[in-house]
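Following: one structure in structure tokens, then a few remarks.
Since every read-out is calculated from the coordinates, none of them should be taken as a lab result. Because the structure is a prediction, the values reported are computed rather than measured. Here the Cβ positions follow ideal geometry from the backbone for every residue, glycine too, while neighbour counts run over all protein chains shown.
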Amino acid sequence: MLIILKKIAYILIIVVANLYICSYLGAKLSARMELRRGYRMARTGGIGFPAKRFLSYLARGQEINIWGFILFVFSLLIWTVVPISADLVLIDMDASLIVAILFYLIIIMLNLSSQSRTRYSIVFGQMVKKIILVTSLAIPFFFSTASIVLLNRTLNLKEIVDLQHEYWNIAYQPLGFIIALLSTIMVLKVLWLNRKGTLEISGINKREGIGLSRAVLRFSEYSIILFMTYMLAILYMGGYKNLYFIRGDVMLGIKFYVLFIFILFSEKALGSSVSDTGLLMRINGKFLIPLSMVNFIITFGFFIYRNIYGFI
């Protein structure tokens, strides 16, 4: 029991610390890339600004409904099934990848339904539109993940990491990695995470929630992007495996933040010219989804020839 409590405490500390750092980097780098100072009212480079913003949310009100509470719970649960290190994983199961993806989809649905609420009711049309948009942009990511599953023949995330002891999966799936990375960038583009943390496609002037409910929304939005970034490091870049004299946990942190900063810069590089959701959907439907399907079919063909016919 004590070991489980220690793992829970470690996971919470790691999640909160990375959330704080990514929140700071997201706003700070965004300000620098837009040639503005950023955090003008904060000293020491704005290091304490994420905490100040969280406290300002609490000052506005601490009310939260049942859906906000469930959203917060699932935003934490998603980190219980992904391995942070060889020993630091709370729930280790054979189908941990499937469970993580299910939690991810639940977070998307709860988050976007919460953002579709007005002070009177929920706008179902806007909610469905948002859910379809974000999940469709994540389809190439799921196809690329399926290719990794065929390549490694397991749904266990720890086993996928262990199988990369000699070569990372990116060496076998370079196209899949590029597709998954572009899918993550497009999801970030839609969520506007590094700008406002709210979707810009609702078409109505709504109150997103104040106080604690707004903080939970932002936490879940960061969880969506951080989860996709973390999965890229796990599935394609060896995860927490040691690299020469560098420890595995340090190596995982380096990979994660390199990917996160690259995604932030890429989203900003797209600029306002690629902010129309219709254009993003066309790019996704005409390029990313077909390419991800082609990559999956090729991987499936190699899987059949290698494991059934023994030709490869």
### Message
Taking a ≥ b ≥ c as the square roots of the Cα gyration tensor eigenvalues, with a/c under 1.5 meaning rounded and otherwise prolate when a/b beats b/c, else oblate, which class fits region 217-288?
### Response
prolate
### Task
Set the Förster radius R0 to 51 Å, insert the Cβ-Cβ distance between I47 and K286 as r into 1/(1 + (r/R0)^6), and round the FRET efficiency to 0.05.
0.75
### Message
Just to check I understand the Karplus step: with θ = phi - 60° and J = 6.51 cos²θ - 1.76 cosθ + 1.60, what whole-Hz values come out for region 15-24, glycine and proline as x?
### Response
5, 5, 5, 5, 4, 5, 5, 5, 5, 5
